[in-house]
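Read through the structure below, which is laid out as structure tokens, and then see the notes.
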Amino acid sequence: MYALRFLLLVFLVPLAQFAGGDEPIQLRILSYNIHHGEGIDGKLDLQRIANVILSVNPDLVALQEVDQNALRSESIDQPSELARLTKMHAAFGANIPLQGGHYGNVVLSRFPIRKHANHLLPNIANGEQRGYIEATIEIPGAADPVVLMATHLDHRRDERERLESANAINAKAKKQSQQIALLAGDMNAVPSSDTMQRLGAVWASVTDTPVPTIPVTTPARQIDFILYRPQQRWKVVEVNVLDEAVASDHRAIFAVLELQPAE
């Protein structure tokens, strides 16, 4: 009976809970632009989005293009519904009023979210208001919490707003230089762009080689990223783009990162 109880514990409790404060902790991270739950087949299907998320059993998730109570998505509170469908904690950052509701970014977490705040990013030439949600998350076995910043940057060809957004995100990170942090989202910029180079002055990417995420049917460009800092506190174990091409107009990027103990 004892052996059975132990096996159940191993399978039901996330691996991070078995790590001690001086041991590495593996975290499974997903970033996904969900196109308000509408797939390329025109169907609005949050269960399908949830299935994509659950397919990699993530610990932390950054979602972009999420609606809350907007008419175009049947006035559903998508952050709450996705939290229910995935059985994860959720925090929503509303950036734009939309059709009786709001539109923005979401953080999902297997672990408790200690606090969260939404920060609006610079807006140039009356573009769509962008922002990032900053969630402080308690990781079992870790001496310090992890901050996940989820964002979606401006889509226009003119790069000025993305560059200013990168400056704002970097400035926030530099104020807490030793904070263990992740930055994930749709940057609307390729790895060689000035925007990603600017972010790269403060953040490290999970891959040095582009991993295309759009167009969803035959990906040719990477504009979705998972970044981390401080660099010495993280080890990249795995990176891939999910092989799912219907649920949204982006493919999701997934990484397994190992949080290293402080020296």
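Quick look at the numbers
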{"read-out": "Residue ID - nearest to GLY104 (Cα to Cα), chosen from residues in the range 58-83 that are of a type in the set (S, T, N, Q) and more than 14 Å from the chain's Cα centre (by Cα)", "value": "GLN68"}
{"read-out": "Residue satisfying condition, being modelled with pLDDT under 95, out of contact with any Ser or Thr (no Cβ under 6 Å at 6 or more places or on another chain) and among the charged types (D, E, K, R), within set ASP144, ASP154", "value": "ASP144"}
{"read-out": "Filter result for ASN123 (over 17 Å from the mean Cα position of the chain (by Cα) and either at positive phi or surrounded by fewer than 19 Cβ atoms within 10 Å (Cβ to Cβ) (or both))", "value": "yes"}
{"read-out": "Qualifying residue in the range 9-27 (condition: at negative phi, modelled with pLDDT of 95 or more and not β-branched (Val, Ile, Thr))", "value": "yes"}
{"read-out": "Lone qualifier among ALA94, ALA143 - being of a type in the set (A, V, I, L, M), outside any strand (DSSP E or B) and either under 26 Å from GLY37 (Cα atoms) or touching a Gly at 6+ places or on another chain (Cβ under 7 Å) (or both)", "value": "ALA143"}
{"read-out": "Residue count, the range 173-188 (criterion: of a type in the set (D, E, K, R) and in contact with an Asp or Glu (Cβ under 7 Å, 6 or more places away or on another chain))", "value": "1"}
{"read-out": "Number of the exception - LEU82 against (1) buried (at least 24 other Cβ atoms within 10 Å of the Cβ); (2) part of a strand (DSSP E or B)", "value": "(2)"}
{"read-out": "Pair list, Cβ under 9 Å, 6 or more apart: the range 66-83 residue among the hydroxyl-bearing types (Ser, Thr, Tyr), other residue in a helix (DSSP H, G or I) and modelled with pLDDT of 95 or more", "value": "SER73/HIS36; SER73/GLY37; SER73/LEU46"}
{"read-out": "Residues (surrounded by fewer than 21 Cβ atoms within 10 Å (Cβ to Cβ) and either of a type outside the set (A, V, I, L, M) or modelled with pLDDT under 95 (or both)) located in the range 158-169", "value": "ASP158, GLU159, ARG160, GLU164, ASN167"}
{"read-out": "Checking HIS155 against (1) part of a loop (DSSP other than H, G, I, E, B); (2) within 19 Å of GLN64 (Cβ to Cβ); (3) open to solvent by less than 10 Å² (accessible area, probe 1.4 Å), the condition it does not meet", "value": "(3)"}
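The values are calculated or read from the model by the stated rules, or taken from the named source; none is laboratory data. All values derive from a computational prediction rather than experimental measurement. We place every Cβ from the backbone using ideal geometry, glycine too, and count neighbours over all the protein chains shown. Side chains included, ligands, DNA and RNA excluded: accessible areas come from the protein's heavy atoms. Shrake-Rupley method; radii C 1.70, N 1.55, O 1.52, S 1.80 Å.
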